[in-house]
Every structure is written in C-alpha cells, then in structure tokens.
Amino acid sequence: MLKRVPTDQIKLGMFIHKLEGSWFQHPFWKSKFLLTDEGMLQTLTSSDVPAVTIDTERGIDFFEQPSAPSTQPVARVFGGGRPNLVRTMPPANGRVAISAAVAQSTTVAEFGKARQITQRAGKVVSRVFLKARLGKAFEASEIEPVIDEIYASVQRNLYAFNGLLRCQQDRDFVYRHALAVSALMISLARQMKLSPLDIREAGMAGLMMDIGIGQLPDKSIASMVNLRQLSSEMLAQHVLLGYALLKASGGVPKRVLDVSLQHHERLDGTGYPNGYAGSDIGLFPRMAAICDEYDYLVSSDGERIGLDPGAAIRALGETGGGGLDPEIMCHFIEMLGVYPIGAFVSLRSGRLAMVVDEDPHDHALPIVRTFFSSESGKRIKSETIALAHCFGADEIVGVAELAGLDLPDLGDLRKSILAAYAREAGG
C-alpha cells in the first residue's frame, strides 16, 4: 500500500517509493530505496523534499513502530553528511559485504549494460534535441532517466561506459558526444569527490551543453560531421542559443546554464563567446572544457581520425597551456588512467596491444590484449595480459604508432578486440 508521509515524520525502516518535488531538490540518485541508515535519514529530513510516498508492503508503515534491531547488516554511509558510497557493516564472519547497488562489476559485464544504456539514452537525447530544433522547451525530468543510468553504469564500473563509446562511434556524432561528455563529467565529478547533487548536475550539464546546435540554420549543419566545422560566428551562436533555450525551459540549475554558456571559455581569455578569463569561469564550465576537448580529440569523423586516448591525454597536457584548468586536468587524468580503454600501446616484447580493462589499483598497469608483432609486421594470435600481475614479463613502453601498418579501420579493430576479450571473459 502506498502512503504519503511528511518528510519530518519519516522513520528508519520505511521503503521510500517516491520523493516529492523537483528532481534537483533531493540528494539521492534513486527515488526508491529502503531507508536503513541514520545519515541518509538526516540528509532527507534536512532537504527541500516536502513529503515522500512510502510502500508499506516493503517497509514499515507510517504508524508502525520499528521492530527490534535486525540481525541483518545495517547500511552505513561513508564520506560526510551526504551519501556517497553505501557499504554494509561487516557480518559475524568478518567479511565485508558491499551493497549490490554499488558493487564494482567487471568491465566486461558492464559493457553489455552500457551498450543497452547508450541505445536507450540516444533516443531520449535525440528527442530532446529535436524539440530544440523545433524551438520547443523541454522539461529537466525528461533526461533524468538518462543521467540516472549513466551514473549507475559509472558507479558499477568507472571505465566501461566511456570505454565502450571509444570503441563504438557509429552513432550520430552530436548525440554520441553528448552521452560521452555527460559520462566524463559524472566520472570527473566523482573523482573530485563532489556531492551527489553536484554529480547529477554535472551529468546534466554535459548532456545538454551543445543543445543549441539544433537551433542553428539548416545550411550550417546539413553536412556537419563535427562542431569545429562551424564558422566562428556559428560557434558562438550555438552557445548563446543553447543557453537561451535552457533558461527558457525553466527548472534547469544555474550551474547547468553556466556550462552551456561558458564551456568554450578558457582561463587565459582566448575562448568564446564572451572572452571570460580566470575566476570569471565557474568550476563546472572548467570541467566541461576538459571533457569536451578530450572527446573531440579521440572521436573520428568524416574529416579526421581521432587520436589514440593515450595520445589525447598527452595532447591535452601539452596544448592546454593557460586555457584549461591544470588542477582539474590532474583529476581528469587520474580518473581516466594514463592509458584509457581503447588506447593502443607498444609493449617491451615488441608486440602491439589495446587496453581492454583498467586495474583499479594501478592506472599505469592496465589489462591489454595483443594483436600485432612489430618484429614480423603481421597480426598475431591475441593474448590477454594483466600487466599488474604478470610479474614483469611485459610492460608498456609507450603509445603505439599504427600509421603504415596493415590493419583494418581502427574503429573496427577496437570493436573486434573488445568483442574477443568479452568472449574470452565470458561476457
């Protein structure tokens, strides 16, 4: 039975079925959960949520007193006053049980889920961008499911969602870029240990920051394969149009608006449309500038072949100059790893390999899958190597140089290597 309860009368043991009010008022990613932690209760009662709907069949009733203390593990929230990572207290046998909702899944298992998410999310983003094309406002709640699913994927495995997008670039570039930047923003915000509300807004900002493209004249975008093809005037226009549309929609957080307006501004004043510099540019726009630039560098289109992810990391560091925030850049590199999934690397053994997974304890020693011998100049039987656990039998010596080698299209090569790794791992 569903029952409405004022927020100040919520008790531990209730199953929260729905949180009333704006999606951006509540500090939780999910609106349905069993309330078992005192910290979560305090966070909820001190929030702007006016009331909740409880499900009395899945938790205690509004008038029911909590029963005697349960012998089951009780969830505890680590990381301050707001929920971040939910873990259960150690059971009697001493082993630590991690909540299934946030347990780190293997990258291979998450690839399949991420593929389904991108398909569903692409449809939602396409619909919202179409509304923009028609000059219609959209509701922030329309993209709530997209951000929730991307966040959940990033929570389960930090590397899989973006790793999949690196290896699968056959979606319309505008929508793929929106999904990629949203995931990067969520991952970066987590790396920077921002609050759950901050992470949510960062994800929305990445998803919506280029919505103004849909309002540009038909002749400007008819044959466009990447944003950089636009004239300087059109580049500035897509920012201003997107900002105006989001502001008119109502209910869009200020920081999301700031990102739409400022994500092409640079700290040294060389950006557009307003030439902001230094402290005039907000934290979220600084984050978005890095995520946006990285995705552009690694993305292939009809005009250019994207950089290897490892090379793109180096390029950002070398060309960022005074334009990109160096402190946020450090967080970004730490988040992605020195050699992100999809990066082609050269090994000490003379073989070339692709990064197919990350070692969470050492980003410099990922899991790679070999595919080519520099010595023979030919494809070889693939082998998967966990560099952090191969006892020095091989190691990465740098980013691979693939120009001139007898190889298929790099996008196809990435997909085939990833598919083979998934089959080997039983994913």
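The values are calculated or read from the model by the stated rules, or taken from the named source; none is laboratory data. Computed from a predicted model, the values in this text were never measured in an experiment. So basically every Cβ, Gly included, is an ideal-geometry build from the backbone, and we count neighbours across all protein chains shown.
For every residue, the table says whether it meets (1) exposed (fewer than 13 other Cβ atoms within 10 Å of the Cβ); (2) at pLDDT below 50.
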position: D8; (1), (2): yes, no
position: G21; (1), (2): no, no
position: F33; (1), (2): no, no
position: D37; (1), (2): no, no
position: T43; (1), (2): no, no
position: T56; (1), (2): no, no
position: T71; (1), (2): yes, yes
position: P83; (1), (2): no, yes
Meets criteria (in contact with a Gly (Cβ under 9 Å, 6 or more places away or on another chain), outside the structural domain of H263 (by TED's automatic domain parsing), more than 28 Å from Q155 (Cβ to Cβ) and assigned to a loop (DSSP other than H, G, I, E, B)) for D394: no
Top-ranked residue of the stretch 309-357 - restricted to ones that are of a type in the set (F, W, Y) and more than 27 Å from D280 (Cβ to Cβ), ranked as farthest from the chain's Cα centre (by Cα): F344
Single unsatisfied condition, I333 versus (1) of a type outside the set (S, T, Y); (2) at positive phi; (3) surrounded by fewer than 23 Cβ atoms within 10 Å (Cβ to Cβ): (2)
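Each row is one residue, and each column tells you yes or no for (1) touching a Pro at 6+ places or on another chain (Cβ under 6 Å); (2) at pLDDT 85 or above; (3) in a helix (DSSP H, G or I); (4) more than 17 Å from R176 (Cβ to Cβ).
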{"position": "D198", "(1), (2), (3), (4)": "no, yes, yes, yes"}
{"position": "G203", "(1), (2), (3), (4)": "no, yes, yes, no"}
{"position": "L207", "(1), (2), (3), (4)": "no, yes, yes, no"}
{"position": "V225", "(1), (2), (3), (4)": "no, no, no, no"}
{"position": "R228", "(1), (2), (3), (4)": "no, no, yes, no"}
{"position": "Q237", "(1), (2), (3), (4)": "no, yes, yes, yes"}
{"position": "L241", "(1), (2), (3), (4)": "no, yes, yes, yes"}
Matching residues in the stretch 156-195 - criterion: being assigned to a helix (DSSP H, G or I), modelled with pLDDT under 85 and either aliphatic (A, V, I, L, M) or surrounded by fewer than 21 Cβ atoms within 10 Å (Cβ to Cβ) (or both): A160, L164, L165, F173, V174, Y175, R176
Among the residues listed as D258, D280, the single one being among the charged types (D, E, K, R), under 22 Å from the mean Cα position of the chain (by Cα) and surrounded by fewer than 23 Cβ atoms within 10 Å (Cβ to Cβ): D258
All positions within the stretch 351-371 that are surrounded by 24 or more Cβ atoms within 10 Å (Cβ to Cβ) and in a strand (DSSP E or B): A353, M354, V355, V356, V368
Pairs with Cβ under 8 Å, 6+ apart, first in the stretch 108-135 and modelled with pLDDT of 75 or more, second surrounded by fewer than 15 Cβ atoms within 10 Å (Cβ to Cβ) and of a type in the set (D, E, K, R): V124/E142; R127/E142; V128/E142
Whichever residue in the stretch 290-304 is farther than 13 Å from G342 by Cβ and not acidic (D, E) and, among such residues, is modelled with the lowest pLDDT: G302
Test: residue in the stretch 325-341 that is among the hydrophobic types (A, V, I, L, M, F, W, C), part of a loop (DSSP other than H, G, I, E, B) and modelled with pLDDT of 90 or more: no
